[in-house]
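Written below as C-alpha cells is the structure these notes are about.
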C-alpha cells in the first residue's frame, strides 16, 4: 500500500495526491497550518549560536566562525522567504472514501510541516502522507464498520 503519486516540487494549499488500497480511495491534501508563528518562534535553535548552552549551538571546531556566518545567512534567507510568503507551514490531511462515499474527511493528519521550504523538493510531504496511510485506513475501516452496523440496525427494525 503506497502513494504512487508525489507532491510537486512547488505546492499550493489544496493540492492533493491519492491512492487506492483494498477498495478505499485515500486522498492526502495540503491544508495551510493556522498557527501564525514565524519559524524562529516555532523552532528552538532556529538562529545559530556560538554559545554552547544555547539552542542552535553550531559546535566547536575548525572554522566555527565561518560555519556560524553560513548558518546565520541561511537562517536569514529562510526568514526572508517566509515573510514573502514563498513557503508556509501546512498539514497533510488524509481522507478515506469508499465507492464515492467519504467515510472520514480527516482520517489522519500531521501539521507543522514546511511546504516550498527553500532548497527543498517537497518530497517530505509525500513521505508524511505515506506514514499516515495506515492510520487513515484504520479510521476508514472503522467508519465503514459503523456505517454497516447502522444499516443492519435500521434494516432489522423495518
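The values are calculated or read from the model by the stated rules, or taken from the named source; none is laboratory data. These figures come from a predicted structure and were not determined experimentally. Positions of Cβ are backbone-derived with ideal geometry, glycine not excepted, and every protein chain shown enters the neighbour counts.
Observations on the model:
- Considering the conditions (1) assigned to a loop (DSSP other than H, G, I, E, B); (2) free of Cβ contacts under 8 Å to residues at least 24 places away in the same chain; (3) within 12 Å of residue 129 (Cβ to Cβ), residue 18 is excluded by exactly one of them, (1).
- Any hit, segment 128-141, residues being touching a residue at least 24 places away in the same chain (Cβ under 8 Å) and not assigned by TED's automatic domain parsing to the domain that holds residue 29: no
- Check on residue 150, without any contact (Cβ under 8 Å) to a residue 40 or more places away in the chain and either surrounded by 17 or more Cβ atoms within 10 Å (Cβ to Cβ) or touching a helix residue (DSSP H, G or I) at 6+ places or on another chain (Cβ under 7 Å) (or both): no
- Enumeration of residues in segment 104-117 that are over 10 Å from the mean Cα position of the chain (by Cα) and within 16 Å of residue 7 (Cα to Cα): 116, 117
- Among (1) surrounded by fewer than 18 Cβ atoms within 10 Å (Cβ to Cβ); (2) part of a strand (DSSP E or B); (3) in contact with a helix residue (DSSP H, G or I) (Cβ under 6 Å, 6 or more places away or on another chain) - the single one residue 112 does not satisfy: (3)
- Qualifying residue in segment 86-98 (condition: modelled with pLDDT under 95, outside any helix (DSSP H, G or I) and in contact with a helix residue (DSSP H, G or I) (Cβ under 9 Å, 6 or more places away or on another chain)): yes
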